[in-house]
Ligand SMILES: [Zn+2]
Ligand SMILES: [Zn+2]
């Protein structure tokens with residue numbers, strides 16, 4: 001017994017010594033960890049590590065309603081080794097680094113519509129893609145008519161900053177001609193029409209009209225590359241066009257709003273006397289899609305997997321996530337995934353596999 005006691009005391013002493021050492025040398029340990037972190041971040045190349053194919057990385061899965069764990073709407077699409085972005089909400093650009101996605105390599109942005117939550121991060125993306133990549137041409141921003149006005153406004157807002165960057169770093173490091181975005185507007189597709197808006201290097205992107213009224217124009221996109229396909233709904237009420245655009249696609253990324261939860265918020269807000277906010281919560285119900293409706297669209301479109309994003313309202317933990325998805329699971333045989341920031345869906349070329357990973 002005495003022997004055991006001595007061992008225990010020695011162990012306790014060693015643990016205390018180690019804790020004391022860690023406390024004493026915390027700055028040195030922190031500096032070592034920082035050095036390692038910088039080296040690891042520089043070595044990291046998530047895109048090069050992907051197999052040939054089409055890949056989707058969730059750079060922002062939130063909505064206008066605040067959610068500390070979700071950036072604003074942003075879906076990165078990687079075709080081979082080329083990086084594109086669909087919508088760019090607040091905070092989304094700041095996920096790129098932790099996800100191992102090089103902002104300077106973004107080759108194009110596709111906008112679904114011009115609600116602020118879908119463009120809040122565009123100025124930041126344009127700036128970081130320019131300064132990070134040293135490009136001599138502005139970034140192509142592809143969207144329905146109206147995209148030029150958005151870019152004109154951002155150019156005005158960033159004029160002074162851009163001048164500061166050039167003055168400070170020089171024209172060789174940040175060529176003035178590469179600042180900002182270049183609008184590539186397309187006319188809104190007719191109902192049911194699939195309009196090709198990008199066709200280069202084996203990647204074809206088609207836009208289709210969705211129902212986000214009174215917000216017009218509003219479109220979704222279908223990406224086809226290497227025998228794989230992804231459909232992104234954009235913001236829409238339940239819309240059969242999304243199912244038709246999918247037509248057996250591999251992955252459907254669909255927006256989702258839980259109407260019961262929003263009604264709970266609306267009642268609470270109304271009871272607190274804020275009729276104005278209650279009205280806004282009532283209004284948003286009619287131009288979004290519930291998870292149950294999105295499941296029906298995925299089933300109708302025979303999607304290989306359904307990923308729900310643009311999550312309204314915030315779902316802070318697994319229990320609330322389960323409540324958010326309540327009622328789904330009966331109509332659709334594929335997996336339904338409630339997206340989180342950092343999720344990766346990898347579709348290797350000419351296969352029917354969908355591999356999942358977390359990039360952060
Ligand atoms: Zn919207
Ligand atoms: Zn939105």
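The values are calculated or read from the model by the stated rules, or taken from the named source; none is laboratory data. This is a predicted model, so every value here is computed, not measured. Positions of Cβ are backbone-derived with ideal geometry, glycine not excepted, and every protein chain shown enters the neighbour counts.
Of all the numbered requirements in (1) under 18 Å from residue 71 (Cα atoms); (2) surrounded by fewer than 20 Cβ atoms within 10 Å (Cβ to Cβ); (3) more than 16 Å from ligand 2 (Cβ to nearest atom), residue 123 misses one, and that requirement is (2).
Scanning region 1-52 for residues that are assigned to a loop (DSSP other than H, G, I, E, B), surrounded by 10 or more Cβ atoms within 10 Å (Cβ to Cβ) and in contact (Cβ under 8 Å) with a residue 24 or more places away in the chain turns up 44, 45, 46, 47, 50, 51, 52.
Just to be sure before I move on: is residue 261 more than 21 Å from the chain's Cα centre (by Cα), under 17 Å from residue 309 (Cβ atoms), away from ligand 1 (no atom under 16 Å from the Cβ) and modelled with pLDDT of 95 or more in the structure I sent? Considered against the rule, which asks whether it is more than 21 Å from the chain's Cα centre (by Cα), under 17 Å from residue 309 (Cβ atoms), away from ligand 1 (no atom under 16 Å from the Cβ) and modelled with pLDDT of 95 or more, residue 261 comes out as yes.
Taken as a whole, region 127-142 holds no residue that is within 24 Å of residue 198 (Cβ to Cβ) and under 14 Å from the mean Cα position of the chain (by Cα).
Those strands (runs of 3 or more DSSP E) of region 54-140 in which 2 or more residues are within 15 Å of ligand 1 (Cβ to nearest atom) occupy 74-79.
More than 16 Å from ligand 1 (Cβ to nearest atom), surrounded by 23 or more Cβ atoms within 10 Å (Cβ to Cβ) and on the phi < 0 side of the Ramachandran plot: does that describe residue 197? So residue 197 fails the test.
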